[in-house]
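Below is one structure; the comments refer to it alone.
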Amino acid sequence: MMISRRAVVATGLTLPFLAVPGRAQSKPGHLRFGLSAWPPNLQPWVTTGVSAGTVKTLIHRSLLSFNNKGELAGELAESWSLDAQGAWVFKLRPNTVFHNGEPVTADDVKWTIEQIADAKSTAFMRSQFQSIVRIEIPDPSTVRLVTREPQATLPTWFCNYNVHVVWRHSEANNPIGAGPFRLVAQERGTSLDIEAFDRYYKPGLPKLRSIKFIVYADENLRAAALQAGDVDMIEYVPWQAMSAVEADPRLKLDTQYGPFMDILFNGTRGPFSDARVRRAVAHAVKREDIVKVAFFGRGKPLEGVPIVEGTPWYDAELAKGWAYDTARSKELMAAAGVPNGFEAVMLATAQFGMHKDTAEIVQKYLADIGIQCELKLPEWSTRVTLGVRGQYDIAVHGIAADNNDPDGLTIVLDTTLPPSHGRSFGVQASRTAELLARGRSEFDQTKRVAIYKDMQRAAIEEVPMVGLAWRAQGYGMDKRVQGFTNLPGALSTSSGGMLEETSFG
Amino acid sequence: MRWFLHRLATSIVLAWAVATIVFLTLHVVPGDPAEILMSTGGVSPDPAAVAELRQRLGLERPLAEQYWDFLRKLARGDLGTSLVDDYPVVSEIALRLPRTLELIAAATVLAVIIGLPAGTYAALNRGGLFDRIASAMAALLLALPVFVVGTLLVLLLAQTLRLMPAGGFVPFTQNPSQHLTLLALPAIAIAKGLVAVVFRMSRASVLDTLSRDFVRTARAKGLSPSRVLIRHVVRNSLTPVLTVLGLHMGTLLGGTVLVEYVFNWPGLSTPLLRAVEARDYPMVVGIVLIISILFLLINLIMDLLYAALDPRVRAT
């Protein structure tokens, strides 16, 4: 008798926690979006990750963007062209206003570029914008950019989610943008609310009235939240959950092969300073195993320079330049004077399963050609520092190019740039770097294609990095979410801007 | 009073020692806050921009100068601002700490409501069916890792049955029922271990008290069984239960990381974890310092509670 009374009391006291179904319901026109990380900040020109980039792209706008086919499209600029003197000229769209009602002018564009290129700037695109030597304003709606050297890819700079035009009188901690949405509320570390800006310059857009971004740092919980109906859409669908999302009749999945895994080298010491040894590594790894184990089959082997399939620069033969061939690897090792292999330290991180799993598979395959790697798997922050200092022999990394133009791979392939954790350390690959520079300064498309194919040939020989696997970048969503496009290839991480064309319910 | 002042002084010295150790350790391990912040998402930042940010954050200054600056600010009660977004550390703690305390309090209440009566009943019916089943359950609850329980709860109640949200947070003032619904699963996940601990301690303690002379005397005096149980047995059995609860509550202040992460509950553990990853020195030191102070405070409160429960403690 006493048991049941207490049991009843205890149960009764827990009921308020269990019985109230106080969950938020979906509402047409209002999208609930599961972010993978809380944006460390929303400064318009500083890189703070893809999640921050998604929010920034919606509250700010730049001169150009990528449309849903991945092509350049006008935003605050309605047209852009190269003039006879080789300068880029942007004509601003009329009747565009910032969120405070002030018109977007050429002065705002000039001021924005000056801030990004400033000597004390911490902007992501700072070095690119520092190559602009003069900003001219021939009339209030035209901006003319004169660069130190010809810059064929300059328009793409304005599509990066870390380049936005800001009202020139903004306070430092309150940048005012001209995007389709306005930031109206935020619960620090938890959620951000944006509402449609009623004076946005594109008629009929944005289609949504509001978006609530809710942060789910744990990838499994993010997927669970989508399946439970707590949110209507999520980014970074974990590979292991993709099948479940596809199988759910209420949901759909949109994936693109954008980011990729690669091998980096320390070229300042030991056998990896020899391109033949690096190439031996490139031929030694069976990529299918990485796709299967690290990405649950949601990836694609990458056996060449990471050029996106379907782009003009893609070449089916060159894409197999580092095909799995153990015999070739052993020949190259012998030619380099290390037929019996050697020992090396392999750096990756245990913080991200895909990095660790990929590193373990690479370790196994390198052992087959005699390279015995000791795995060093610190947490991400230490991994970054060790990478920048070159404290490794060989490293496994994951990254995405800036865009689908081969110039977007400069951050990975150009080893003449200062040290970075995402680039090989001190590797000599001068022909690759030189061809990248030539491609950047060539405006003729046919010639550019030829240059970048030569660049791929050079890279296959010099091996500034080794491509391993493309990984699927997925957005999961309720089937009532319409109009969203996961942008192709490397642009996938810039797809946040597509939310202006998205409707719900 | 002297005892209290002595305890207070010791606590302050301990808190300073903790802050100093954390400050120095963080600066010794590899990791550059500027480089890490600008590498978010795996991108390769421009080294010149990284250098500029490092300069702006004052990270180029000698360590001794940074430490002295930290101590001067600490003496004024200023814990500094986050290196990531310049947000005041004190404000972050003020925002997050109540949520963690709420989670711990909810879990503790659940643990006491279930564990104490169950433990007492099991002791009174030692060797009975309930005792055997409850003891086995307690062992099982202790053995199950918290993230397994958390994930199973999400899988069952959120993903499969769709009865509960998978996780998250809504302020109580904004939507009380949703707030409590979101609190339920993480509170249960934390409480599962505490229930087992409280059950075991209560059972052992009641068994011990039942064999004491004063209980026999109380019964011999003709007091009713319920009065003997509540006034003499349970009350005198509470001290060890409180000790264990106090220790666990202190540990939970910094130990709710997994639960907060699994259920997306934005308490103090999440920014601590994120700050360690980002090498956000002021944030880590500030949070650890506050957790240490609270831990010391809980110990102090527990000592005072012993005194309230047991006159012999007051006498000493």
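Points worth noting:
- Within the range A:103-144, tally of residues that are among the hydroxyl-bearing types (Ser, Thr, Tyr), closer than 20 Å to A:TYR161 by Cβ and touching a residue at least 40 places away in the same chain (Cβ under 8 Å): 3
- Contacts under 7 angstrom Cβ, first residue in the range B:41-67 being over 19 Å from A:ALA401 (Cβ atoms) and facing chain A (nearest Cβ under 8 Å), partner of a type in the set (Ser, Thr, Tyr) and assigned to a helix (DSSP H, G or I), 6 or more apart: B:ALA48/A:SER127
- Count of residues meeting criterion [more than 14 Å from chain B (Cβ to nearest Cβ), hydrophobic (A, V, I, L, M, F, W, C) and closer than 24 Å to A:SER494 by Cα] in the range A:133-160: 4
- Within the range B:154-191, tally of residues that are more than 9 Å from chain A (Cβ to nearest Cβ) and buried (at least 24 other Cβ atoms within 10 Å of the Cβ): 4
- Where B:ARG72 falls short, out of the listed (1) part of a helix (DSSP H, G or I); (2) crowded, with 21+ Cβ neighbours inside 10 Å: (2)
Let's see how each residue does on (1) closer than 30 Å to B:VAL170 by Cβ; (2) in contact with a His (Cβ under 8 Å, 6 or more places away or on another chain); (3) of a type outside the set (Gly, Ala, Ser):
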residue: B:ARG203; (1), (2), (3): no, no, yes
residue: B:LEU210; (1), (2), (3): no, no, yes
residue: B:PHE214; (1), (2), (3): no, yes, yes
residue: B:SER226; (1), (2), (3): no, no, no
residue: B:VAL244; (1), (2), (3): no, no, yes
residue: B:MET249; (1), (2), (3): yes, no, yes
residue: B:PRO271; (1), (2), (3): yes, no, yes
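- Every condition in (1) at the interface with chain A (Cβ under 10 Å from one of its Cβ atoms); (2) free of Cβ contacts under 8 Å to residues at least 40 places away in the same chain holds for B:LEU110 except the one numbered (2).
- Residue check, A:SER127 over 27 Å from the mean Cα position of the chain (by Cα) and surrounded by fewer than 20 Cβ atoms within 10 Å (Cβ to Cβ): no
- When residues of the range B:109-153 are limited to those that are of a type in the set (D, E, K, R) and outside any loop (DSSP other than H, G, I, E, B), the one surrounded by the most Cβ atoms within 10 Å (Cβ to Cβ): B:ASP131
- Filtered residue count, the range B:113-143, keeping only those that are charged (D, E, K, R) and free of Cβ contacts under 8 Å to residues at least 12 places away in the same chain: 1
- Residue in the range B:87-107 that is surrounded by fewer than 15 Cβ atoms within 10 Å (Cβ to Cβ) and farther than 27 Å from B:GLY250 by Cβ present: no
- Checked against the criterion of being farther than 26 Å from A:ARG383 by Cβ and modelled with pLDDT under 90, the candidates B:ARG76, B:ARG54, B:ARG96 yield just one match: B:ARG76.
- The residue list B:HIS6, B:HIS27 contains one member that is part of a helix (DSSP H, G or I) and without any contact (Cβ under 8 Å) to a residue 60 or more places away in the chain, which is B:HIS6.
- Residues of the range A:74-121 classified as more than 14 Å from chain B (Cβ to nearest Cβ) and either assigned to a loop (DSSP other than H, G, I, E, B) or buried (at least 19 other Cβ atoms within 10 Å of the Cβ) (or both), total: 27
- Of residues in the range A:401-423 being away from every other protein chain (no Cβ under 11 Å) and among the hydroxyl-bearing types (Ser, Thr, Tyr), the one surrounded by the fewest Cβ atoms within 10 Å (Cβ to Cβ): A:THR416
- Members of the range A:47-73 found to be part of a loop (DSSP other than H, G, I, E, B) and either without any contact (Cβ under 8 Å) to a residue 24 or more places away in the chain or crowded, with 24+ Cβ neighbours inside 10 Å (or both), listed by number: A:THR47, A:THR48, A:GLY49, A:HIS60, A:SER62, A:LEU63, A:ASN67, A:GLU71
- Members of the range A:401-450 that are within 27 Å of A:LEU72 (Cα to Cα) and either among the acidic types (Asp, Glu) or in contact with a strand residue (DSSP E or B) (Cβ under 7 Å, 6 or more places away or on another chain) (or both): A:ASP402, A:ASP405, A:ASP407, A:VAL412, A:ASP414, A:GLY422, A:GLU434, A:GLU442, A:PHE443, A:ASP444
- Only one of the numbered conditions (1) in contact (Cβ under 8 Å) with a residue 12 or more places away in the chain; (2) surrounded by fewer than 22 Cβ atoms within 10 Å (Cβ to Cβ); (3) within 11 Å of another protein chain (Cβ to nearest Cβ) is not met by B:LEU289, and that is (3).
- Within the range A:304-318, at least one residue is in a helix (DSSP H, G or I) and within 30 Å of A:ASP444 (Cα to Cα).
- Among helices (runs of 4 or more DSSP H) entirely within the range A:352-456, having at least 1 residues that are without any contact (Cβ under 8 Å) to a residue 24 or more places away in the chain and under 30 Å from A:ASN68 (Cβ atoms) singles out A:410-413.
- Residue within the range A:203-211 that is within 21 Å of the chain's Cα centre (by Cα), away from every other protein chain (no Cβ under 14 Å) and assigned to a strand (DSSP E or B) present: no
Condition check ((1) in contact with a strand residue (DSSP E or B) (Cβ under 6 Å, 6 or more places away or on another chain); (2) at pLDDT 95 or above) across all residues:
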position	(1), (2)
A:SER191	yes, no
A:PHE197	yes, yes
A:ARG209	yes, yes
A:ALA228	no, no
A:ILE234	yes, yes
A:PRO238	no, yes
A:SER243	no, yes
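- Helices (runs of 4 or more DSSP H) (entirely within the range A:215-303) containing at least 3 residues that are under 24 Å from the mean Cα position of the chain (by Cα) and within 14 Å of chain B (Cβ to nearest Cβ): A:219-228
- Residues that are at pLDDT below 95 and either of a type in the set (Gly, Ala, Ser) or within 24 Å of A:PHE66 (Cα to Cα) (or both), drawn from the range A:102-128: A:ALA119, A:SER121, A:ALA123, A:PHE124, A:MET125, A:ARG126, A:SER127, A:GLN128
- In the range B:53-112, the residues that are within 21 Å of B:PRO171 (Cα to Cα) and of a type in the set (Asp, Glu): B:GLU92, B:GLU102
- Residue match in the range A:367-374 (condition: surrounded by fewer than 21 Cβ atoms within 10 Å (Cβ to Cβ), of a type outside the set (Asp, Glu) and either within 14 Å of chain B (Cβ to nearest Cβ) or closer than 28 Å to B:ALA51 by Cβ (or both)): no
- The residues of the range A:476-505 that are closer than 26 Å to A:ALA244 by Cβ and touching a helix residue (DSSP H, G or I) at 6+ places or on another chain (Cβ under 7 Å), listed by number, are A:GLY476, A:GLY483, A:PHE484, A:THR485, A:ASN486, A:LEU487, A:THR493, A:GLY496, A:LEU499.
The values are calculated or read from the model by the stated rules, or taken from the named source; none is laboratory data. Please read these numbers as outputs of a predicted model, since none were measured by experiment. So basically every Cβ, Gly included, is an ideal-geometry build from the backbone, and we count neighbours across all protein chains shown.
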